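Notes for the one structure printed next.
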Amino acid sequence: MRLVAVGALCLAIAGTSVRVRAADIQKAGKLEIPANASVVAICTDPVVQNVLGDALRVARHSPPAEPTESVTLTVTINQQLLAPGVSLNQLFPGDPSMVELLKAAGAEPPPLGDTGNAPSADPFETQARAHALNPLDPMTENYKNYQAMRNQMSGANAPTPYDSIPKNELYDTVIVARASIEGSLDQLKVVAVVHSGDDPRKAKILVAEEIANAVLH
C-alpha cells in the first residue's frame with residue numbers, strides 16, 4: 001500500500017502527545033493493514049468520516065499495486081464536555097483505562113467510580129488542582145471562582161449571570177476515538193482535549209488525520 005501523509009500530523013506513535021491549536025491530542029495503540037489491501041472507513045461522526053474517506057480515496061488512486069482484498073476500518077467517536085458532574089463512564093464508555101491518555105493530554109479526569117452525582121468535597125481545592133494542570137483564560141477562571149463561592153454560600157441552583165453562556169465556552173470538551181481494522185485485534189485510541197472556546201470540529205479533523213496516518217503508514 002502506498003504511504004500517504006495526511007494534513008499537518010504525520011506520526012502515529014503510541015503514547016505521543018501533540019500540541020496543536022485546536023486541541024491537545026494523545027494516542028496509543030496501532031493499526032496494521034494487510035499488504036495490498038484497500039480500506040473502507042465507517043465512522044459514527046460525519047466530520048471524521050469525511051476526512052478518512054478523502055484520505056483513503058487518495059491512497060486508492062495512487063500507484064503502484066492493485067488491491068487484492070478490502071478491509072473495513074471502524075471508528076467510534078464519543079464527545080463530552082468536561083463539566084462538573086461528568087462521569088468516567090460518560091467519557092470512556094466501558095474503558096476506564098483511557099484515563100491515563102486524558103491525563104497526558106492535560107485534563108483532570110473525574111475520580112474513578114464517580115457517578116457524576118456526588119459533589120466535590122472541596123470545590124476550591126478542585127479548582128486549584130485543575131488550574132495548575134491547565135491554566136484558564138480570565139473569563140473562565142472568574143466564572144469558576146464565582147461558581148465555587150456560590151456553591152458554598154447559596155447552593156448550586158441559585159441563578160448566576162453566567163447561566164446564559166454556552167457551556168463549551170466555559171469547559172473543555174473531550175473527544176474520544178477508537179479505531180479498529182476488520183479481522184484484527186489491534187486498536188488505535190485517540191483522546192483530544194478541546195479547550196474552552198475552541199472548535200471541536202477542527203479537533204475532530206486532527207483526530208481523523210491521526211487515524212488516517214496510522215492506516216496509511
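Return a yes/no flag: does region 175-184 have any residue that is modelled with pLDDT under 85 and out of contact with any Pro (no Cβ under 7 Å at 6 or more places or on another chain). Talk me through it step by step, then tell me what you get.
Kept after step one, since they are modelled with pLDDT under 85, are these residues of region 175-184: none.
Within region 175-184, not a single residue is modelled with pLDDT under 85 and out of contact with any Pro (no Cβ under 7 Å at 6 or more places or on another chain).
Scanning region 82-103 for residues that are under 12 Å from the mean Cα position of the chain (by Cα) and in contact (Cβ under 8 Å) with a residue 24 or more places away in the chain yields 82, 91, 92, 98, 101, 102. Looking at region 192-217 only, could you name the residues that are part of a loop (DSSP other than H, G, I, E, B) and either open to solvent by 40 Å² or more (accessible area, probe 1.4 Å) or at positive phi (or both)? Within region 192-217, 197, 198, 199, 217 meet the criteria.
Restricted to region 182-191, and to residues that are of a type outside the set (S, T, N, Q) and in contact with an Asp or Glu (Cβ under 7 Å, 6 or more places away or on another chain), which residue is least open to solvent (accessible area, probe 1.4 Å)?
At the first step, the residues of region 182-191 found to be of a type outside the set (S, T, N, Q) are 182-183, 185-186, 188-191.
Imposing the further condition that a residue be in contact with an Asp or Glu (Cβ under 7 Å, 6 or more places away or on another chain) reduces the set to 186, 190.
Numbers: 186: 42, 190: 1 Å².
If we take residues in region 182-191 being of a type outside the set (S, T, N, Q) and in contact with an Asp or Glu (Cβ under 7 Å, 6 or more places away or on another chain), then 190 is least open to solvent (accessible area, probe 1.4 Å).
Evaluate region 49-69: report whether one residue or more is within 23 Å of residue 212 (Cα to Cα), hydroxyl-bearing (Ser, Thr, Tyr) and in contact (Cβ under 8 Å) with a residue 12 or more places away in the chain. Within region 49-69 (the criterion being within 23 Å of residue 212 (Cα to Cα), hydroxyl-bearing (Ser, Thr, Tyr) and in contact (Cβ under 8 Å) with a residue 12 or more places away in the chain), the answer is yes, since at least one residue qualifies.
From the list 75, 39, the one residue that fits, being more than 22 Å from residue 199 (Cα to Cα), assigned to a strand (DSSP E or B) and modelled with pLDDT of 85 or more, is 39.
Yes/no matrix, rows are residues, columns are (1) modelled with pLDDT under 85; (2) open to solvent by 90 Å² or more (accessible area, probe 1.4 Å); (3) of a type in the set (Gly, Ala, Ser):
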site	(1), (2), (3)
59	yes, no, yes
65	yes, no, yes
84	yes, yes, no
91	yes, no, no
102	no, no, no
114	yes, no, no
136	yes, no, no
143	yes, no, no
163	yes, yes, no
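The values are calculated or read from the model by the stated rules, or taken from the named source; none is laboratory data. Keep in mind it's a predicted model, so treat the numbers as computed, not measured. When we count neighbours, we look across all protein chains shown, and the Cβ atoms used for this are built from the backbone with ideal geometry, even at glycine. Surface accessibility is based on the protein's heavy atoms, side chains included, excluding ligands, DNA and RNA. Shrake-Rupley method; radii C 1.70, N 1.55, O 1.52, S 1.80 Å.
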